[in-house]
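Scroll down for the structure; my scribbles are underneath it.
Readers should treat all values here as calculations from the given coordinates under stated rules, not as data from a laboratory. As the structure is a prediction and not an experimental result, all values here were calculated from the model. Cβ: placed from backbone, ideal geometry, glycine included. Neighbour counts: every protein chain shown.
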């Protein structure tokens, strides 16, 4: 299989619509991430691709074969995909080898071939030495790699990953992130990856589908999503951002909450707007549009996380760590703005940012 | 999309129509059955009318043969025809005569001899033949004369006619006098019979109604013949049973059909899917089984108790509960159950805490020991305590008398009293509370207790401020479990209470049942008390469990830090050991020692009092071997069927979100909360053919009773095992390419196998030694080992029954060992 086509897929549990008209084509060899807050419907989408849930409406195709839709429904075991579960789901009554060999045993692969393939895939996930261990004798990270090996051993063209790293500690999470990406590129398979962790999504994906309350908010490459968010929610969910209500005019946006100061603006919006500025897009300068007082700063090593009082607002500014030594708490400062996102103010900002289902 | 919608809606419409049809069919059956019952009630059936009605039926049957029979009869030579008529009339006369005498068997034999198994048919043919052949026909004028008589007069006429047939000297009624003029013998009888038939066959409303009723109620031919045969035996009540039974069966069947249709419609409407799902079929199968064998008996008993004559009346209840013996029984039951609950819980909590949360010596050993009591049949304990505390020869009493230098008068302790019964009940039911509480204690997050210690509370203070309040829900549910078990116990009160005239409701019920029909009625009235009490308890425990569920703790297996007992460690261990010796070791040792005695009154060590013959004799007897075989067989079947149901219910509960999945669970819980004696009594009342099912006196009725009572134990085990297996374990097998079947076989099956095995044994063991229900349900061929033991104890020999009791204990322990091995030590009871 090369592509996954999802056409207007809607899923409802009773009256509760968890996913609305999801439309997408996942191309060959693509690393797709379904990103969103918990309960947004991303796992449901993944489970529909796997065949654990039936779409209420819409169709799913693998290449041009219909797998879900209308009266057609191919059960999970006939879809030939690999999947890693959040809980790993490593079977406690089988050792590592048996766990990984399972998909091949099901397919009646000859014994000798099973052995070769399991060894190969265990080598890929660095578990060769643990083949005879029982899952209870493995750490979380190792169990996770057993699950990954089991998903890969039958050489599926499509690999589904359901928050596979969320139960690991920070260090391991980071290294697994690159390992998974590397394996995907080496094997040239499609991956659909579900996570609520934006850093994971940014680091691994070719394309990200950002979902909230069952609706895709934006889809695009990590850069597109980060730099040109389609709406306030996207801007807020990826990275850190402060919103200011303001008035866009020719060449500037006036922001009452910042003591009525204005920020230079070259865009096309006019009238009431939401201006969104990421903390790292502020910078301290001698000659900037915003004047305020440095109220607090937290030294985090690589960066300096500051709070600057401007008018009635307390603005977050992240600047390089080295600034810590040059600035004094309580001093008057001037801020420049590197980049600003401006959205028309439709009065729904609070509602949009609210993460709930 | 539209297209799909339309075809789906068409299919949905078809399903809806099918459900409606099913419902209507059910409703129709109910109405039909009700009409049958009403018509039967209005028809005023009696022996004579039944006989006539069946004759009518027979004539209709005969009419079908008419085409072949009549020509054949006409071609007979005159002599033969006369002979046939003579034989027929004689046959008729004799059968009527014997019917009149009430010697039904003779009539039956007569009918039998006529032509073997086809006797009834033949006699009907003969009746008709006599009608066709016997002498000159009645003239139209004669006919008119006879049919002119209606109602009372006609009935009188017919009685007189029959009397005249039977006795040549009897006066012939006026209307028929012309018929018999100048006629004698067979010819006279034949004319009279003809007159009788003409009168009876005249479309007289009451007769025809009766005939129609019978025809409606008894549709198939086999049943008609049965009815005929019963009437020939003069068993009108049996006909009533048959007729009403048919109507009742129709009502029951209709109710089940309609209920199923409604339930399915409700499920489908709830899910918005109008498609038949196999899971619903499974749910309905289990629900119907339970409705039929569990709920129907309960409801029927309630109705019988409150509507004794078809009308609401509390007369029976009033009569029963004002009778002093019964009143005492109710009092005793309440007192015994309450005291047992109080003492049992007071024992269970400290024991559970010491064994579960402290560094007591030999905790594991004690835990195993206390749980072991759980699988000992209670009546075995009763036997042991009887040997120990008998006021005259009880071992303890003799020691006490020697020790305290008392006279040889009976006492000082007497087991044949209410306190004696409470003592034995407590020593056998405290494990129920112990198990409930210690399970909750194992699951409790120890950091809760640790937080209290850090805050400055002593270990003891922590017990009272944190552990006890946290354990309260499980403590209460354990206490209620003890209460229900004690109040519905039959074995202990029957062994200890009966000789001391300490009656309980259960022993009264069993006594009533042994009195026959009226007794059965009164037993029902008594059972209502137990039933209501059980419902109240179930409700209470439900409230307790629903309201206070905060004890459920972190799902991860926590290794609780143990409370150090310090200088109390040794004294407390000694105390627990003493308890174990008194409550467990001494009784079991008594049973074992008694089994080697010749004279139960003497010590086993006294000269010439030791023998192995009790063991040899008792296990060599065929009746013992047979009852042992029965027990093993019934318990295995109950456990196997039970575990299949348990697995299905668990799967539906844990792995599907289908509507209605909780219904079987609810019914099963209700069943296990119903007192054993009530279950058995209900089955007796409803499963002897009056609802179309007759399994009375068979093994089935016992197996079903065991299932209803013990299914829940097996089910809970499997449900909790399945809930601990994350769904993703199964899903990852599916995604690996394994279908449902293979996933169950390779993944789910092996993972929950220990629990399935444990569940099987949890149903098997109590069924194996069951006594309360068996006492009511056994028949001569279905005696079980528990009942055999009880009989031996009461009627034969105490040492022999002790040998048997110890044999049962050994078997149960062996089974436990097998279970332990089978599940790699994960489970034992």
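Annotations
- Mean per-residue shielding of peptide A:89-96 is 5, counting Cβ atoms of other chains within 10 Å of each Cβ.
- Estimated at 0.36 nm per residue, the fully extended path between residue A:112 and residue A:175 surpasses their Cα-Cα distance by 19.5 nm.
- Virtual paramagnetic centre 7 Å along Cα→Cβ of residue A:309, amide N under 15 Å, in the range A:220-264: A:258-259
- Counting other Cβ atoms within 10 Å as a rough exposure proxy, the listed residues B:748, B:333 run B:748, B:333 from fewest neighbours to most.
- Eigenvalues of the alpha-carbon gyration tensor of the range B:321-594, scaled by 5 and square-rooted, set the equivalent ellipsoid semi-axes at 37, 26, 14 angstrom, largest first.
- Full-stretch length increase - residue B:666, residue B:574 - with 0.36 nm per residue and alpha-carbon distance subtracted: 28.8 nm
- Per-residue shielding of A:70-79, expressed as the average number of other chain Cβ atoms within 10 Å of the residue Cβ, stands at 4.
- Packing-based order for B:753-765, A:251-263, using average beta carbon neighbours within 10 Å, highest first: B:753-765, A:251-263
- Between residue B:334 and residue B:406, the FRET efficiency estimated from the beta carbon spacing at R0 = 35 angstrom works out to 0.55.
- Rounded FRET efficiency, nearest 0.05, which uses the C-beta distance separating residue B:12 from residue A:203 and R0 of 41 Å: 0.25
- Simple label model, 7 Å out from Cα along Cβ direction - residue A:132 to residue B:814, nm: 3.9
- Antiparallel DSSP beta bridges within the range A:4-232, percent to nearest 5: 55
- Calculated FRET value between residue A:139 and residue A:285, using beta carbons and R₀ = 60 Å, to 0.05: 0.80
- With neighbour counts taken as other beta-carbon atoms within 10 Å, the residues A:88, B:323, B:512, B:700 rank, fewest first, as B:323, B:700, B:512, A:88.
- Packing-based ranking, highest mean first, of B:609-617, B:785-793, A:89-97, B:24-32 given that Cβ atoms within 10 Å are counted: B:785-793, A:89-97, B:24-32, B:609-617
- One Cα centroid belongs to the range A:52-68, the other to the range B:573-635; the line between them spans 69 Å.
- Degrees separating the helix A:111-124 axis from the principal Cα axis of chain A, which is the longest one: 20
- Averaged over the residues of peptide A:80-88, the number of Cβ atoms from other protein chains lying within 10 Å of each residue's Cβ is 4.
- Translational diffusion of the range A:241-353, µm² s⁻¹ [Kirkwood Rh, Cα pairs; Stokes-Einstein; 25 °C; 0.890 mPa s]: 170
- Stretchable slack from residue B:269 to residue B:633, in nm (0.36 nm times residue separation minus alpha-carbon distance): 126.7 nm
- A simple spin-label model places pseudo-atoms 7 Å from Cα toward Cβ; at residue B:306 and residue B:688 they are separated by 2.4 nm.
- Ranked packing of B:741-747, B:265-271, most packed first, by mean Cβ within 10 Å: B:741-747, B:265-271
- Degrees separating the helix A:170-187 axis from the principal Cα axis of chain A, which is the longest one: 60
- Principal-axis analysis of the Cα atoms of chain A puts helix A:140-152 at an angle of about 60° to the longest axis.
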